[in-house]
Amino acid sequence: MSTNFTNAKALLLKNSVLLLTSIYYIPYNIVEIKENAFAYCSNLQTVVLSDKMTTIPRNLFYYCSRLKNIQWPTNLVTISDCAFEYSGLVNVVLPSTVKTIGSSAFEGCYYLESIILPEGLTTLNSNRVFFYCWSLKELVIPESVTSISSTDWLWVNCKSLKRLEINCRINDLYLEQMISLETLILKFDLLKI
């Protein structure tokens, strides 16, 4: 039997347990969690997500500033808008099943040093996905990405980014406030830089 994590359950858990808990396991039978369920859980450091989840909803871990570790669902397809915005993630390896990353998904992850985007990712919403990821050192956009409308806010203020590799087609390239960039690799020609 599949179960949904309702707002009421999330609110109850958030108020009674999560504010004090550093590790949380989403039960294996949970297929859906409502947006904002864990927002502002400042003590949360590690989360093990149910393998039955295919979507990480909007604002799920918004402002979970100490959240450093995620055990990803093996069937994850979508990371929704603002899912990890202002969280404390450091190193992220997304499962090969991820197809879509929404806007601001990792915005303000100041401590994010590395993120591995899977070959098979098709949609990378261009609106602030890696905005203010000050510690990010390397970013490789896979060839499988077919949708990046514009890069003008995608990685602004990635001050530590040393290597950027873009293996998909993009129309333009904005490199605002990327003061540490040493290597830029573009697989295809650009219309505008």
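The values are calculated or read from the model by the stated rules, or taken from the named source; none is laboratory data. In this text, all values refer to a predicted model and were calculated from it rather than measured experimentally. Note that we place each Cβ from the backbone using ideal geometry, even for glycine, and neighbour counts take in every protein chain shown. These area figures cover heavy atoms from the full protein model, side chains too; ligands, DNA and RNA do not enter into them. Shrake-Rupley method; radii C 1.70, N 1.55, O 1.52, S 1.80 Å.
Here Ser42 passes the criteria (1) within 25 Å of Glu143 (Cα to Cα); (2) modelled with pLDDT under 95; (3) small (Gly, Ala, Ser) except the one numbered (1).
Among residues of region 103-153 being open to solvent by 30 Å² or more (accessible area, probe 1.4 Å) and assigned to a strand (DSSP E or B), the one that is farthest from Ile166 (Cα to Cα) is Ser114. Taking region 73-99 as the range and being of a type outside the set (Asp, Glu) and either at positive phi or open to solvent by 40 Å² or more (accessible area, probe 1.4 Å) (or both) as the test, the residues that pass are Thr74, Asn75, Val77, Cys82, Tyr86, Asn91, Val93, Ser96, Thr97, Lys99. The combined condition, being modelled with pLDDT under 90 and either open to solvent by less than 60 Å² (accessible area, probe 1.4 Å) or touching a Lys or Arg at 6+ places or on another chain (Cβ under 6 Å) (or both), is fulfilled by Thr21. So for region 48-63 (the condition being touching a helix residue (DSSP H, G or I) at 6+ places or on another chain (Cβ under 9 Å), open to solvent by 30 Å² or more (accessible area, probe 1.4 Å) and over 24 Å from Lys137 (Cβ atoms)), does at least one residue qualify? No: zero hits. Taken together, Phe38, Phe131, Phe61, Phe84 contain a single residue that is in contact with a Lys or Arg (Cβ under 9 Å, 6 or more places away or on another chain) and not acidic (Asp, Glu), which is Phe38. Only one of the numbered conditions (1) at pLDDT 95 or above; (2) within 30 Å of Val48 (Cα to Cα); (3) of a type outside the set (Gly, Ala, Ser) is not met by Lys162, and that is (2).
When every residue of region 140-153 is checked against the conditions, at least one turns out to be in contact (Cβ under 8 Å) with a residue 40 or more places away in the chain and more than 13 Å from the chain's Cα centre (by Cα).
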